[in-house]
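Heads up: the structure comes next, in structure tokens.
Any read-out appearing in this document is the output of simple, stated calculations on the displayed coordinates, not a laboratory observation. Please read all numbers here as calculations on a predicted model, not as lab measurements. A quick note on method: Cβ atoms are made from the backbone with ideal geometry, for glycine too, and the neighbour counts reach across all protein chains shown.
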Amino acid sequence: MTQHLANSPESGDIFAGLEAGLDAPTDKGPGNFDAHHPPDKALIDDCVHCGFCLPTCPTYALWGEEMDSPRGRIYLMDMVREGTASLDEPLVRHFDTCLGCMACVTACPSGVQYDKLLESMRPQIERHHERGRGDRTFRELIFALFPYPRRLRVAALGGLFYQRSGLAGVVRRRRLLDRLPPRLRALEALLPPVKVRDLVASPPERVAAVGTPRRRVAVLTGCVQRVFFTGVNAATVRTLAAEGCEVLIPRDQECCGALSMHSGREPEALERARRTIATFEAHDVDAIVVNVAGCGSTMKEYGTLLRDDPEWADRATAFSAKVRDVTEVLAELEPRAPRHPIQARVAYHDACHLGHAQRVRAAPRAVLRTIPGVEVVDLPEAELCCGSAGVYNLLEPEAASDLGQRKAANVRSVHPDAVATANPGCLLQMRRHLDDPGLPLLHPIELVDASIRGEALPTQK
């Protein structure tokens, strides 16, 4: 057994007082799965084990282990389905270390739907695998914090004190972080710069279109995005309005459930999906605009997620049909707001859940190229994940760090003036590993907004 499998991550005794139970198992299914949507045998058999997925798989690139490749994980699913393997710790580790980046789906010439297989495998694991106390508790703390913007703001205030009081410098100089478990060290390292004005910012509920209205849209403000990247949301609203969109920002929106779904917490994810649908379907809009790749990916799949719910299935399908990434909306609209030049070489990083999961690659580049003076350049190994992958960089910090350093080296190799990517997790991950305050890391919409407003290249925030 390789070292990364032998050592299951622990979070330490600091969380000793918290416990989390597993969901009750359902009826017996094939092999060692239950009957609730186990990995589909027909989808498993689509894999011909050709190996085209191997160069694009981050964990195979790191370790070269067959069972840490997509085809290896599919083989493990088949073994569990046949009853020759169980959901024990060694097998589960192979799936915990999967980033769910879906690069293999893009690369596969046979059209293997690894995304559907993984999203059916992870809930089975969460229902039937008993995690260690530290691992279970750390996961519960993540999901008690990140989907709740109000709680995140309170945590951010603590981060603000930590950064501005000088405590962060003392901790690092004395190497106190070295005494913490890797997961807590990663949490500290990923903490973004916090500004009070961002924590108290409140967007309007409606912004009128500039000039003749062309569309009526509603915007998802997100969870982490709402707290730590308020500038991205503001730029999104301004740009859409400038391009003739009436913009609605529902105040009562909550977490969309993306983090929960990607982690196999299915009941929680489905409840969040229902609430999101109910919130947005109260507004008559042409599109539901998302500026977070992971959220958009999940929201576009609500119809599949809620297929078993007769009350919500059709509503979910109708909702998903309206979900669009902000760059998709802008790429469809002939630019109307004048762009001012920004002379910059911009490295564009495809967020996995935008490029691989949603297959949205051309739109962000096309939108950036509407800015006079911008040169858009792609990165080497563009298909490889940066290591963020939702909360992966917290749950699997060593692997995520290796991937983050690899991505940072590829960014430096193209000598950009700025980096653009459409996901907050990617921005945090690359900010950590590039460690270059002079290199702006931005959402593409921030560059478009700056061009429309006649501003210079935005600086690092």
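Below is a table of values for the structure above.
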item	result
Likely footprinting exposure, CYS255, CYS104, fewest C-beta neighbours within 10 Å first	CYS255, CYS104
Debye intensity ratio I(q)/I(0), log10, the chain, q values 0.05, 0.08 Å⁻¹ (C-alpha model)	-0.17, -0.46
Lys/Arg +1, Asp/Glu -1 at C-beta; region 132-261 dipole; positive extreme among CYS245, PHE138, GLY257	PHE138
Relative contact order [Cα under 8 Å, 6+ residues apart], the chain, whole percent	15 percent
The chain - charge dipole about Cα centre, Lys and Arg +1 at Cβ, Asp and Glu -1, debye rounded to 20	1860 debye
For ARG315, net neighbour charge (Lys/Arg +1, Asp/Glu -1) across residues whose Cβ lies under 15 Å away	-2
FRET E, pair PHE161, GLU398, Förster distance 25 Å, beta-carbon r, rounded to 0.05	0.30
For region 266-282, 3J(HN,Hα) per residue [Karplus equation, 6.51 cos²θ - 1.76 cosθ + 1.60, θ = phi - 60°, Hz, x = Gly/Pro]	5, x, 4, 5, 5, 5, 5, 4, 4, 5, 5, 4, 4, 5, 7, 6, 6
Under 14 Å between alpha carbons - lysine pairs in the chain that sit 8 or more apart or on different chains	4
Region 338-453, dipole about Cα centre (Lys/Arg Cβ +1, Asp/Glu Cβ -1), debye to the nearest 20	380 debye
Region 53-147 - Kirkwood radius from inverse mean 1/r over Cα pairs (Å)	14.3 Å
Residue-by-residue Karplus 3J(HN,Hα) for region 85-90, coefficients 6.51, -1.76, 1.60, Hz, glycine and proline x	9, 10, 7, 8, 4, x
Selection from PRO30, GLY373, VAL292, by position along the positive dipole direction of the chain (Cβ)	GLY373
Karplus-derived 3J(HN,Hα), 6.51/-1.76/1.60, for each residue of region 338-350, Hz, glycine and proline x	x, 9, 9, x, 10, 7, 7, 8, 10, 7, 9, 9, 6
Residue (of LEU87, THR230, ALA399) at the positive-pole extreme of the chain, dipole from beta-carbon charges	THR230
Under-5 Å amide H pairs with ASP34, H placed in peptide plane, nonlocal only	GLY29
Where labels lie 7 Å past Cα in the beta-carbon direction, separation of GLU188 and HIS49 in nm	4.6 nm
Label-point separation in nm, GLU455 to ARG151, each point 7 Å along Cα→Cβ	3.2 nm
Interchain or long-range residues, amide H under 5 Å from CYS385's placed H	none
